[in-house]
1. Where does segment 41-198 land on Rg(C-alpha)/(2.2 N^0.38 Å)?
2. Using only the alpha-carbon atoms, what does segment 1-79 span along each of its principal axes? Please give whole angstrom values in decreasing order.
3. Roughly how far apart, in whole Å, are the Cα centres of segment 160-202 and segment 47-63?
4. For Glu103, what accessible area in Å² do you get when you roll a 1.4 Å probe over the heavy atoms of the protein chains, rounding to the nearest 10?
5. Between Ser177 and Lys104, what is 0.36 nm times their sequence separation minus the Cα-Cα distance? Round to one decimal in nm.
6. Taking just the alpha carbons, could you work out the radius of gyration and Dmax for segment 42-87, both in angstroms?
7. Calculate the dipole size of segment 67-131 relative to its Cα centre from +1 charges on Lys and Arg beta carbons and -1 charges on Asp and Glu beta carbons; express the result in debye to the nearest 20.
Amino acid sequence: MKLVVVTPPVFFAEEEQIITSLFEEGLDILHLRKPNTPASYAERLLTLIPEKYHKHIVIHDHFYLKSEFGLMGIHLSERNPQPPVNYEGHISCTCHSLSEVKEKKNKFEYVMLMPLFDCITMEKTKAGFTAEELRLAQKDRIIDNKVIAAGGITLDNIPVINDYGFGGVAICGDLWSRFDVRTDHDYLEVLHRFICLKEMAK
């Protein structure tokens, strides 16, 4: 399965160091998601990440940064539902229903279906699908290798997601909750968790 890491919504001091270390440990794809933040902050973060990893980064906002930094692509969401005019290249998107997945997955490199489980970072966002619905979607080939599971993904539920036939997982809270941006400076726990997640997602 693909292993996608989604950034936390806020910028913090050690972020470029952690992201670089994740790439060094074999991260496939990073989704740079910083809603409602200035483009200059994203530019600064990208400047601090080694250029060789830019081709593995997908951006959710300020789409002009894709060409400026040679990024992998852009990601569409309810906040930014349309690509720039005449855009060419990698596009992924977020889906919140199985019908949306069925409609969109063949138009994009991949789609993220969420929330699979209760979200860790957004406590009010609860699981959107029953096991029966996901099994039926797998049987009907709605869920396949172009669909990434997102929302509440943890080390413990990756085997279940694999069993449903998803092509990958998007990790956010289970990884970043192991680093307190206000007090922590040592991010070894984040790296250890990533290595465990990567092993489980093989």
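The values are calculated or read from the model by the stated rules, or taken from the named source; none is laboratory data. What you see is a predicted model, and the numbers here were worked out from it, not measured in a lab. Virtual Cβ from ideal backbone geometry, glycine too; neighbours counted across all protein chains shown. Side chains are part of the model used for accessible areas, which takes the heavy atoms of the whole protein and leaves out ligands, DNA and RNA. Shrake-Rupley method; radii C 1.70, N 1.55, O 1.52, S 1.80 Å.
1. 1.10
2. 30, 29, 22
3. Each part's Cα centre sits 19 Å from the other's.
4. Solvent-accessible area, nearest 10 Å²: 110 Å².
5. Numbers: separation 73, 0.36 × 73 = 26.28 nm, distance 3.12 nm.
Result for the pair: 23.2 nm of gain on full extension.
6. Every Cα atom of segment 42-87 included, Rg and Dmax give 10.6, 30 Å.
7. With Lys and Arg at +1 and Asp and Glu at -1, about 200 debye.
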